[in-house]
1. Once phi is turned into θ = phi - 60°, what whole-Hz ³J(HN,Hα) does the Karplus curve with 6.51, -1.76 and 1.60 give for every residue of the range 25-32, x standing for Gly and Pro?
2. By how many nm would the segment from Glu67 to Leu19 grow when fully extended, if each residue of separation counts as 0.36 nm and the alpha-carbon distance is taken off?
Amino acid sequence: MGAGVPGRMPQQIAAAFALCAFVVAIGAGLANDVAAPSVLRRSLVVLVVGYPTGRALGAALGAALNEHLTAIASANPLPEPVRLSAPIGGAGRGDVEIIDDVESL
């Protein structure tokens with residue numbers, strides 16, 4: 001992946017997607033009074049199919065996010081840092097005029 005997008009993001013999205021699909025499949029099967037072995041078998045199929053699907057979605061999301069971050073970074077570059085330095089030694093000293101008389105202003 002590019003700058004700002006972690007390289008493991010597609011795997012993490014795939015795992016989250018597959019586990020969520022697994023939990024939903026178990027919940028739906030048990031809520032509909034389906035036999036437990038059948039629910040588990042179907043849920044495992046959903047888990048196995050859900051991982052590659054989530055990985056593809058994660059890769060697409062990572063590419064879109066990387067493209068978006070690259071466009072923002074190129075459109076809004078960071079400004080150069082301002083370097084402040086005071087004169088050292090005799091150079092620049094004595095250039096200040098001190099005004100004692102305020103009424104003359």
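Here, each number is a calculation from the coordinates, and none is a lab measurement. What you are looking at is a predicted structure, and each value in this text was computed from that prediction instead of being measured.
1. After applying 6.51 cos²θ - 1.76 cosθ + 1.60, I find 5, 5, x, 5, x, 6, 5, 9 Hz.
2. 14.5 nm
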